[in-house]
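The values are calculated or read from the model by the stated rules, or taken from the named source; none is laboratory data. Quick caveat, the model's predicted, so the values are computed rather than measured. Quick reminder, even Gly has a Cβ in these numbers, built from the backbone with ideal geometry, and neighbours come from all protein chains shown. For accessibility, only protein heavy atoms count, side chains too; no ligands or nucleic acids. Shrake-Rupley method; radii C 1.70, N 1.55, O 1.52, S 1.80 Å.
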Amino acid sequence: MLTVKNVSKTFNIGTVNEKKALDKISLTLEDGDFVTVIGGNGAGKSTLLNMIAGVYPIDCGHIVLDGKDISRQPEYKRAKLIGRVFQDPLMGTAADMEIAENLALAYRRGKPRTLRWGVTKEEKVKYKEELKRLGLGLEDRMTSKVGLLSGGQRQALTLLMASLQRPQLLLLDEHTAALDPLTAKKVLDLTKEIVEEQKLTTLMITHNMKDAIQIGNRLIMMYDGKIIYDVRGEEKKKLTVNDLHQKFREASGEEFSDDRAVLI
Ligand SMILES: Nc1ncnc2c1ncn2[C@@H]1O[C@H](COP(=O)(O)OP(=O)(O)OP(=O)(O)O)[C@@H](O)[C@H]1O
Ligand SMILES: [Mg+2]
């Protein structure tokens, strides 16, 4: 489904701020893989997702999605195939637009534009159904401006938008980190539900070690621009948070340090 081959990225080349964020990374995701990504601050996790989404050009290597080399494709073209949810609830939705209009934008992404702009009756029925499943009462607020929603409501909506047209790949960058614990759990449960139902191939960065172990079928750990541990299936399920610390120490020679990690 996704192949990342020998991809490197150095920021600010030739300056004192030069930083190798990705160091010849290779990663292959099978169709339906749900991979959690952990690693300390600056390990290159967000950069990896940004490279796959086309936010910045890669220095070298290749990225192949569903058999197609997308390494040089611009971000907007990849957006048709890749759904994304970021940490910041303000980023995924348009605040000045209504809930239904936001969903319509997501629904029509990559489709030919019609002459008439407006949300059709059929679309409204569909969006209402989809919103209902979030369990947040948004189905009764379809004409509300998104800017009026809470962070958790916006993240849930962004997630719905990212998966409305089944993406070939879903990228989640700490998408529950800015939410209170209860809302974070809700959005995470919704994530699991959508990913399982649509069998989405997914990369999810998290700072919660327990979530990283419990969620998905595969876990990768990053350090210094490299993947230092890759585990799947039964072996992954059996892991403890202590095991992850141990693996990190073995591979990096350092203690795991991270300002946002949930280490318990
Ligand atoms: N746009 C950029 N310009 C310059 N340097 C960058 C840029 N994006 C990332 N970096 C640097 O690349 C390295 C990797 O950053 P990245 O954001 O990928 O880490 P991360 O693993 O997501 O960390 P965190 O857990 O803190 O989010 C860091 O040293 C960071 O400062
Ligand atoms: Mg990051």
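General observations
- Sole exception among (1) at pLDDT below 95; (2) open to solvent by 40 Å² or more (accessible area, probe 1.4 Å) for Lys128, by number: (1)
- Considering Leu29, Leu49, Leu65, the condition of being open to solvent by less than 50 Å² (accessible area, probe 1.4 Å), within 16 Å of ligand 1 (Cβ to nearest atom) and within 20 Å of Leu170 (Cβ to Cβ) is satisfied by Leu49 alone.
- Per this entry, Leu27 is counted among residues that are in contact (Cβ under 8 Å) with a residue 12 or more places away in the chain, over 15 Å from the mean Cα position of the chain (by Cα) and away from ligand 2 (no atom under 16 Å from the Cβ).
Let's see how each residue does on (1) over 23 Å from Pro167 (Cα atoms); (2) surrounded by 21 or more Cβ atoms within 10 Å (Cβ to Cβ):
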site: Glu197; (1), (2): no, no
site: Thr206; (1), (2): no, yes
site: Arg218; (1), (2): no, no
site: Asp230; (1), (2): yes, no
site: Lys236; (1), (2): yes, no
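- Failed criterion for His175 (all others in (1) under 21 Å from Asn41 (Cβ atoms); (2) open to solvent by 10 Å² or more (accessible area, probe 1.4 Å); (3) not in a helix (DSSP H, G or I) hold): (2)
- Qualifying residue in region 166-177 (condition: away from ligand 2 (no atom under 16 Å from the Cβ) and either β-branched (Val, Ile, Thr) or without any contact (Cβ under 8 Å) to a residue 60 or more places away in the chain (or both)): yes
- Checking Ala162, Ala212 one by one, the residue that is in the same structural domain as Glu129 (by TED's automatic domain parsing), open to solvent by less than 30 Å² (accessible area, probe 1.4 Å) and either in contact (Cβ under 8 Å) with a residue 24 or more places away in the chain or charged (D, E, K, R) (or both) is Ala162 and no other.
- Within region 15-65, tally of residues that are part of a helix (DSSP H, G or I) and of a type outside the set (A, V, I, L, M, F, W, C): 4
- Looking across region 87-105, the residues that are surrounded by fewer than 20 Cβ atoms within 10 Å (Cβ to Cβ) and under 23 Å from Ile205 (Cα atoms) come down to Gln87, Asp88, Leu90, Met91.
- Positions within region 241-261 being under 22 Å from Ala184 (Cβ atoms) and either open to solvent by less than 80 Å² (accessible area, probe 1.4 Å) or hydroxyl-bearing (Ser, Thr, Tyr) (or both), in sequence order: Val241, Leu244, Phe256, Asp258, Ala261
- Some residue of region 171-193 being under 27 Å from Asp31 (Cβ atoms), of a type in the set (Asp, Glu) and touching a Ser or Thr at 6+ places or on another chain (Cβ under 7 Å): yes
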